[in-house]
């Protein structure tokens, strides 16, 4: 298991880049290598799947617009046997593709054109999640900014003051907070909070998110913690 | 003669060239012409064809009757023959030439015997020469045969000479237009020899008639006619050549011939004589008939005869004119003078001389008028009756329906007249008892007669006159109560009374009938006017058609339809106006034929006369655009030229109106395309400029870094990299905008609406813009009670991003940007108003209305000029509006107004709340 690069004595994390455009591959290679990642490249989906089995990457960057196989299919096939985080790259305006990939098991997404800092941030988040093997949640605490979420005692405090949340609101917050920095689709959140079969009740989700926002955020129109990804889902701020 | 005069007339040359061009696409017609059957026309034709075939031409035999002669049959071997079409007619099986097969086969040269032959009923055309016309039009050369007696203009002479009336005639026009005429000549002794040898076969005539025909003097005369006619043709060709080259030397006579046409049997002879005169003088000729009130009461057969005569004249090349008036001679004379006629041809008066002297006759009156116009009187012939009968039979075969009798309720008028006379008698009795003299009593009777004439017509008026005289005699002339007359002076009174009565009767009747005629003309003119007015004020093809159909139904009072070509070219009546009466003709393809050839066909014409309706092409400037179908009945006879003219004029009007409409559509489409083209050009020029600038910077800066990167200091390197990054951003934005604009315009962008709280959209928009607003403090104030909006979050987010970027770009650094939202109630619901306001310089008032135009950029601004246009389009796609304004306190404000439509769905309440 790899952690973020730079830790001494730990082998550098392997990134598998599955991207058909050579210039983008080149730019990714340079940036990632420059930040201590080991980069494996594949120009086609089939090659990428093969490389995934041979190199066992720690994180996969997958372009959704591949020439041979649909990125969605690659995601599903990867997920059949690998738990490595997948970050999908998509073009603007293809929200449905992003959501489908996320629902199929991808962990996050980036819209082209993206900036390197953004990419690196997502990578860091992804690796951090992978490191935490869903272990003992009791006693774990999420702390972002002035928000403190104690999963053991089920207490939420903002700048020291306790917030009263309903059960559903709490569940929703926890669902988001367990994956700070990572996007969760509407479907994923609905499934987790309201149970399987409720993935289509996006409106309900929005209503509850709105309530939560009003309770948590100083300015609900400029949220600090509960970020909206239009057309995709929500994200709990990483820091 | 001066050189100038000698130079050929350019107009004439042009006409000649045009005629040549027209003929270029046509096949050539060669006619083998002979004096009588048996001279060897078919034989010569076949010899000629065989020579052509051996020279390599594609020769096919269309229809050749070997007439039982073995030599002719021998010539047929080796030539491809088109099979005959068999037609059943009156229990007999007839063999006919199959035009369609010939057209399909399309040889170079086709042989078709007997050009003047009449086709069996049910054929496409009534006459074989019309079939040949079709072949020539398709570019096929045709060879055919013809006897001199078949020529229309010589028909009566031949009848006179031989005593045999030939029933199958060929219009002279066809003969004159033939490209080649070869005379097949045989001396009379030789022909008689062949007859004796049994080598001549005569079909369709009784043996005795044949014997009559083949007598020596007849044959000599026929041979002379044939020779002379051929010589005429040669002469005409020579003349034409000479005229082309030297117009002055061969100036055609400026004569003009007018032929008087009546319904009499002799009219045919007169017309043909007129034509011969016109040909001899090389002049135009006009066939004129005068419609008098008397003629309005003609029997149907007479009217048909008149119409047939006019048609004959037209077929022989005359211009036909129908005048109306009461005095035939006067009308003709006036018209002749107005048209600069130099010769008048009229039929000899018929009837006994004394009657002529009493009543007068047209020809006598014409001759009496002085004035420089020659009058030619054509004598009647013995066979005129036969001729007329033949014409009428032909007319009947063509399905013409003459006008029916105008039967008035006759008995009633006479009874009424009797009543009037009785009343007059009573009045007179009263006056007589009062002591008035007889002269006054006569006046009373005259009054009665005048009244009867005015109201009941001529017949009752005459009866009333006679009755009045008798009653006057009986009742008031001494000795009273007898028919004896004591004073013979009274006889004069009677005569004068009778005469006055008749005169008044005639006059009133004539006046009344003129009024009827005038009304009839007025009705026709009015129909044309109304049609014209309606059509000119109507737009839209379908509406036009319906209006036209209505007008036509009004005018003709019969079933009418207009067939237009549909998507696959088949003719159909307009939707909403089905025409069941044309269904019966559909299988003949008569409508398609009319459409293709641009000539009328159907009932009353020579082509497909068995149809149930008349089909007239609607010919616009570029050719036929439709077909008008007119179902005829007794009161509508399209044989009469003025009716035919009316039909054709109306058809023309409709065609022009339809064409005008179609052209308007085309013009509209062209305008739209021009507009689209303009937009595309604007886009292209804008885009190419906007692409080139950032690309130039990127390539320049990156090139510089590559080349001299090491030589530069860190600061400069950083600056260049920053500028590359910024320009790349700009490019990205440009591409994004262009894509959005394209999707919006093509209609591909359909908002996917979901109920969302506005704060979410604002929040994500702000986050997205983030870095670009770094120099501008942003404040948000969204009302607490904002309802949810049914919108496409991604699109509205884009709108907000556009507005925010706009604000950042156009305002100085450190000036605040404010986002606010409130709910505004309105009739029938609520609006949510979102405002993005800044404290910059605001928008100049003259620019304010144009701010949302595509490609419009503020002065000194970067960007594509599309952002606001896209934003407005998106907002409007949501049913809302986007406006720009200046704030009172300085700065600009952009106001989005989104209607709240309906209610969000109910949410399952939180059980744990």
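Derivation of every value follows stated rules applied to the coordinates shown; laboratory data play no part. Note that this is a predicted model, so its numbers are computed, not measured. So basically every Cβ, Gly included, is an ideal-geometry build from the backbone, and we count neighbours across all protein chains shown.
A few remarks follow.
- The angle separating the long axis of helix B:128-137 from the principal Cα axis of greatest extent in chain B is about 30 degrees.
- B:83, A:115, A:82 arranged by Cβ crowding within 10 Å, fewest neighbours leading: B:83, A:115, A:82
- Each peptide among B:705-712, B:876-883 gets the average number of other Cβ atoms lying within 10 Å of its residues, and from highest to lowest they stand as B:876-883, B:705-712.
- Spread of Cα-to-Cα distances over 10 Å intervals beginning at zero, given as percent, for segment A:46-118: 20, 56, 23, 1
- Alpha-carbon Rg/Rh ratio, for chain B, with Rh computed the Kirkwood way: 1.21
- Gain on full stretching of the segment that runs from residue B:84 to residue B:327 - 0.36 nm per residue minus C-alpha separation: 82.0 nm
- Put in order of Cβ neighbour count within 10 Å, fewest first, the listed residues B:607, B:439, A:166, B:543 become B:439, B:543, A:166, B:607.
- Residue exposure proxy: B:216, A:171, B:30, A:98, ordered by other Cβ atoms within 10 angstrom of their Cβ from fewest to most, comes out as B:216, A:171, B:30, A:98.
- Relative to the longest principal axis of the Cα atoms of chain B, helix B:793-810 runs at roughly 70 degrees.
- Two-site label geometry, residue B:568 and residue B:193: point separation in nm, points 7 Å out along Cα→Cβ: 6.5
- Approximate spin-label separation residue B:906-residue B:280, in nm, with each point projected 7 Å along Cα-to-Cβ: 11.0
- As a calculated quantity, the FRET efficiency between residue B:696 and residue A:214 at R0 = 45 Å, using C-beta atoms, amounts to about 0.35.
- Between residue B:542 and residue B:177, the distance separating the two model label sites (each 7 Å from Cα on the Cα→Cβ line) works out to 4.1 nm.
- When all alpha carbon pairs of chain A are counted in 10 Å bins from zero, the resulting P(r) reads 7, 31, 34, 21, 7, 0 %.
- The mean count of C-beta atoms from other chains within 10 Å of the C-beta of residues in B:711-723, rounded to a whole number, is 0.
- Zone of residue B:671's modelled label, taken as backbone nitrogen in segment B:507-549 under 17 Å from a point 7 Å along Cα→Cβ: B:538-541
- Whether segment B:776-913 is rounded, prolate or oblate, judged on the alpha carbon gyration tensor where a/c under 1.5 counts as rounded: prolate
- Anisotropy class of segment B:424-562 from Cα gyration tensor, a/c 1.5 cut: prolate
- FRET efficiency, residue B:20 to residue B:227 (Cβ-Cβ, R0 35 Å, nearest 0.05): 0.75
- Take each residue of peptide A:206-214, count the partner chain Cβ atoms within 10 Å of its Cβ, and average: the result is 4.
- Beyond 46 Å, the tail of the calculated P(r) for the protein assembly as shown holds 62 percent of the Cα pairs.
- Estimated FRET transfer efficiency (residue B:507, residue B:475; beta-carbon r; R0 35 Å; 0.05): 0.80
- Mean per-residue shielding of peptide A:222-233 is 5, counting Cβ atoms of other chains within 10 Å of each Cβ.
- Cα-based shape type of segment B:554-636, given that a ≥ b ≥ c are square roots of the gyration tensor eigenvalues and the cut on a/c is 1.5: rounded
- Pairwise alpha-carbon distances in segment B:512-664 exceed 27 Å for 18% of all pairs.
- With Rh defined as the Kirkwood radius, the inverse of the mean 1/r over Cα pairs, the Rg/Rh of segment A:157-220 is 0.97.
- Stokes-Einstein translational diffusion, segment B:516-580 - Kirkwood Rh over all Cα pairs, 1.002 mPa s, 20 °C, in µm²/s: 164
- The relative contact order of chain B comes to 7 percent, based on Cα pairs under 8 Å that sit 6 or more residues apart.
- Using alpha-carbon coordinates, inclination of helix B:41-54 to the longest axis of chain B, degrees: 30
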